[in-house]
Every structure is written in C-alpha cells, then in structure tokens.
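Structure first, then comments.
The values are calculated or read from the model by the stated rules, or taken from the named source; none is laboratory data. What you see is a predicted model; the values in this text were computed from it and never measured. Virtual Cβ from ideal backbone geometry, glycine too; neighbours counted across all protein chains shown. Note: areas computed on protein heavy atoms with side chains; ligands, DNA, RNA excluded. Shrake-Rupley method; radii C 1.70, N 1.55, O 1.52, S 1.80 Å.
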Amino acid sequence: SEEIYNILKARIISFEYQPGQLLMVQQVAEEYKISRTPAREAMVRLRDDGFLSETNSRKFCVAEIKMDYIRDLYALRLILESAAIRNSVGQVPKKEINSMRLCSQRMDNALAAKNYSEFFKQDEQFHLQILSLKSNILVDNIYKNICDHQQQIRYITASIENRISVAASEHNLITNAIEA
C-alpha cells in the first residue's frame, strides 16, 4: 500500500489525475495488479492527507484545489519561513548561503531548459534550506505535511505567465537578504 500510495500521490501532484476525477479501488487494483486491500488502504491514506475525497457512494475522487486553500498554504509557509529567517539572523554560515545560491542557480538552469519538474524540485529544496536555518522539530513536521501539497500548487502556478521567472528572481533576493 505504501508503494501504491506514493505512485498515486505523484500522479495527483503532477495532475496526471485531474481534480474531480473519479478513482475507484477496483480500477486502481487492476491497473497495478494488486488486491483491493492495499489499493483501498493507499486511497484512504490519500483521503486523510487531503489529496482525495470520498463520495457518498464510497468512491474516491481527486480533491478539488480551491483558491482559499492556496492562500492558506502560502500564508503558512510565510509564517514558518519568516520565523526561521528571523531566528537565524547573523548565524547563517557561508556554506548555507552558498548552498542556497547553488539551488537558485539550478533553478535558473532548469528554467532555461524548460525542465519544470527539476525547477520544482530545486524550489522545494530551497525552501527546505530556509527552514533548516533554525531547526525546529515541530516546524519540520508541519512543513513535511504541506510539502506535497505545495508541489501540486507549483504545477498550477507554472501556467501563470512569468510566475516561474519571478519566483526564480525572488529566491536570489531572499538569499541576498539572509546573507545581509
């Protein structure tokens, strides 16, 4: 069920399964040549994690993404990342700054190559580096819970004209501010 969970989640995040799309346990079990039990367990877990919703007829569908949810997600990230930066002022080693710059460079390279999957991966890494500036187990756990949802939002925002370019330049500004 763990493997199916990860496969289904990746397909949801990348929009291979569209919001509102019906997913049935039997269909998933047949597609991956497994029994219904691990398929159902994976889908229940995805429901609990907010990637699927359950219909009244005990079927699952890919959860809709609402604008309020996107705003809430960004607001939470802003709170967590701002606190990490504030709490690490004057204590960020040059090694960490260089690592953030490398991540930004990789994002720029991925953007130039139109490799959005790599861009999103590096974007996620960049934000994880911000949180790691001041380690906090509770914050780390909260952020792990929202990382996959954030990755899904990255796919949505990729279609907004210039949004990825703006994000890439913002990362350089953030790195400069942390260094200063």
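Observations on the model:
- Solvent exposure of the chain, expressed per residue, is 57 Å² of accessible area, with all protein chains present and a 1.4 angstrom probe.
- Sparse-neighbourhood loop sites, trypsin sites (Lys or Arg not before Pro) in segment 3-77 - DSSP loop, at most 16 other Cβ within 10 angstrom: Lys33, Arg58, Lys59, Lys66
- (i) 27, 17, 15; (ii) 34, 18, 15; (iii) 36, 18, 15, with the label sought being that of the calculated semi-axes √(5λ) of the Cα gyration tensor in Å: (ii)
- Ordered from largest to smallest accessible area (heavy atoms of protein chains, 1.4 Å probe), the residues Ser104, Ser135, Ser169 come out as Ser135, Ser169, Ser104.
- Angle in degrees between helix 36-48 and the longest Cα principal axis of the chain, rounded to the nearest 10: 40
- Around the amide H of Phe60, modelled in the peptide plane, lie the amide H atoms of Leu23, Val25, Thr55, all under 5 Å away and 5 or more residues distant in sequence or on another chain.
- Dipole moment magnitude, nearest 20 debye, the chain about Cα centre, only Lys, Arg, Asp, Glu C-beta charged: 100
- Furthest towards positive pole of dipole, Ile79, Gln26, Cys61, structure part the chain, Cβ charges: Ile79
- ³J(HN,Hα) computed for each position of segment 90-96 - Karplus, 6.51 cos²θ - 1.76 cosθ + 1.60, integer Hz, glycine/proline x: x, 10, 8, x, 4, 4, 5
- Candidates per GluC sites (Glu not before Pro) in segment 1-70, loop by DSSP, up to 13 other Cβ within 10 Å: Glu16, Glu64
- Rel. contact order, % - alpha carbon contacts under 8 angstrom, at least six apart, segment 1-114: 23
- Note on segment 16-59 and segment 150-173: Cα centroid distance 29 Å, given to the nearest whole angstrom.
- Pairs over the 29 Å Cα-Cα cut-off, from the set Lys33/Lys66; Lys114/Lys134; Lys95/Lys121; Lys9/Lys95; Lys33/Lys114; Lys9/Lys33: Lys33/Lys66; Lys114/Lys134; Lys9/Lys95; Lys33/Lys114.
- Tilt relative to the chain, helix 116-132 - C-alpha long axis, 0 to 90 degrees, to 10: 60
- Nonlocal amide H pairs with Tyr17, under 5 Å, H built at 1.01 Å: Ile12
- Segment 95-156: C-alpha gyration tensor shape, a/c 1.5 cut-off, then a/b vs b/c: oblate
- Given +1 at the Cβ of Lys and Arg, -1 at the Cβ of Asp and Glu and no other charges, the dipole of segment 130-180 around its Cα centre is 100 debye to the nearest 20.
- Computed about the Cα centre, the dipole magnitude for segment 53-131 is approximately 140 debye when only Lys and Arg (+1) and Asp and Glu (-1) carry charge, each at its Cβ.
- Cα gyration tensor shape for segment 5-80, rounded if a/c is under 1.5, else prolate or oblate: prolate
- Computed per residue of the chain from DSSP H runs no shorter than four, each worth -39500 (n - 2.57), the mean residue ellipticity at 222 nm is -23000 deg cm²/dmol.
- The chymotrypsin sites (Phe, Trp or Tyr not before Pro) found in segment 1-91 that occupy coil by DSSP, while having at most 16 further C-beta atoms within 10 Å, are Phe15, Tyr32.
- Helix 2-13 axis versus longest C-alpha principal axis of the chain: approximately 70°, rounded to the nearest ten.
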